[in-house]
Amino acid sequence: MQPRSFAVLLTALVVLTATGLQAQKIKVIVDQDARGPATTDMQSILIFLQSDRFDVLGITTVSGDQWVREETQRTLRLLEIAGRTDVPVVQGAEFPLLNSKEEAERWEALYGKFRYKGCWNDFSKWPETLAPAFRTPYHGPDVVPPLVEGTPHTKALEETAAHFIIRMVHQYPGQVVIWAGGPMTNIALALRLDPEVATLAKELVLMGSGMYASTGGINGVDGRREFNWWFDPEAVRIAMRAPWKKITITPIDISVKTKVNPTVKAAIAKADTPVARYLTQYAVESFMWDELSAAAMIDPSIVTGQKELYVDIDVDHGPSYGQTLFWDPKADVPPYERRATVQFDVDTTKLYDLYIKLMTQPSRQAH
């Protein structure tokens, strides 16, 4: 074979290999109530950005842990720090479909106090153990306070999150995983605008719900009233009854078996990268609510126990509002109930090792 012919063949093989590797990447929309800095929300986003298993089509934000305008600014800043401003950020829903701060306060007056209410909390009144970066007073949805991590120079897309989700599943039919780490308002709105979203998507993966309150390790009114689902129950009802090809759920039952512990933090602090410095400065010890859900998409063997269950939510505006409902797969349920794969047990060593590896490696190149 002539040298020129060999070079042409080698180039073709390289191109084909690169194309094949790109095809194997998981196309994902990361829908997140991106409270910052360096919370479980942001750390899960970093998993998607730092892993070569994902083609992140975009990050959509939704009110929940913080108000969506503030979350959007913090997400833009995170992408600047991580060197991934190639990933679009799309601002989403500012309010739940029906639930509200006033409704939650009425519920509390009747049935008991919620400790955590996300953007409706006044964190300045929380215990001294809360990190200074998070001890912020309540503010309305229009206010974006000064960001300790810095003000972003980039902008979000001029598009709504719901329309972005619709556009992506039509552009890549059967290929897009929609991953939800917060309330499902954006997803519900997308489904109402275009019911084909569920059938066009590859899978819905989410962190939310609580199954067995007695073993969930959650303090508060009820472990089955998990925040992401309780914040916008009507959105959950719409999303969970849509005809997805597959639904995978990371509930609080498995999340509380994990933690960003001192050993994990110390390992990350040894790295001198922008991402590691960001986490070292702002991350606190907490359950790996969203990180686990994201990491299990990279290495499914991290999850060592799961069940098939029918899963839904109670939307009666009484004492049970926002509670997770679930049934055994053999139960006689109405045809609109959907089965989901629900994760319950975890190999924490694998999780921590993967998380440390991703958070200490150099940032992936923008593409």
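Rule-based calculations on the coordinates, nothing more; no lab input. What you are looking at is a predicted structure, and each value in this text was computed from that prediction instead of being measured. Backbone-built Cβ (ideal geometry, glycine too); neighbour counts: all protein chains shown.
Within the straight-line cut-off of under 22 Å between alpha carbons, the lysines reachable from residue 202 are 25, 27, 245, 246, 307, sequence neighbours fewer than 8 places apart in one chain being disregarded.
DSSP H helices in the chain with Cα extent of 30 Å or more along the helix axis and mean Kyte-Doolittle hydropathy at least -0.5? Don't jump to the answer; show the numbers that get you there.
Details: long enough: 3-24 (32 Å, 1.15).
The answer, listed by residue number, is 3-24.
Each of 51, 301 has some number of other Cβ atoms within 10 Å of its Cβ, and from fewest to most they run 301, 51.
Centroid-to-centroid, using Cα positions, the range 110-164 and the range 317-367 are 23 Å apart. The chymotrypsin sites (Phe, Trp or Tyr not before Pro) of the range 287-367 that DSSP puts in a loop, and whose beta carbon has at most 13 other beta carbons within 10 Å, are 336.
Listed by Cβ neighbour count within 10 Å, with the fewest neighbours leading, 324, 136 appear as 136, 324. Note on the chain: with a GNM built from Cα contacts shorter than 10 Å, the maximum mean-square fluctuation among 339, 237, 192 falls on 192.
Quick one: order 65, 345, 194, 41 by neighbouring beta-carbon count within 10 Å, fewest to most. Intermediate results must be reported in sequence, preceding the final value.
Values: 65 26, 345 13, 194 17, 41 29.
Result, fewest neighbours first: 345, 194, 65, 41.
Translational diffusion coefficient of the range 79-203 (Stokes-Einstein, Kirkwood radius from Cα pairs, 25 °C, 0.890 mPa s): 140 µm²/s. How would you classify the range 60-115 from its alpha-carbon gyration tensor, with a ≥ b ≥ c the square roots of the eigenvalues: rounded for a/c under 1.5, else prolate if a/b is greater than b/c, otherwise oblate? Judged from the Cα gyration tensor, the range 60-115 comes out prolate (a/c at least 1.5, a/b above b/c).
Please tell me the relative contact order of the range 26-360 in percent, rounded to the nearest whole number, where contacts are Cα pairs under 8 Å and at least six residues apart. Please list the in-between numbers first.
Values: 707 pairs, mean separation 65.0, N = 335.
So the answer I get is 19 percent.
Straight-line reach from residue 257: taking Cα to Cα under 14 Å and skipping same-chain neighbours fewer than 8 places apart, the aspartates and glutamates in range are 285, 290, 291, 345, 347.
Working from the Cα coordinates of the range 247-367, the gyration tensor eigenvalues give, after taking √(5λ), semi-axes of 35, 16, 13 Å in decreasing order. Projected onto its three principal axes, the C-alpha set of the chain covers 83, 49, 41 Å, listed from the longest axis down. Pairs of Cα atoms under 8 Å, at least six residues apart: use those to get the relative contact order of the range 248-288, whole percent. Taking the mean separation of contacting Cα pairs over the length of the range 248-288, I get 54 percent.
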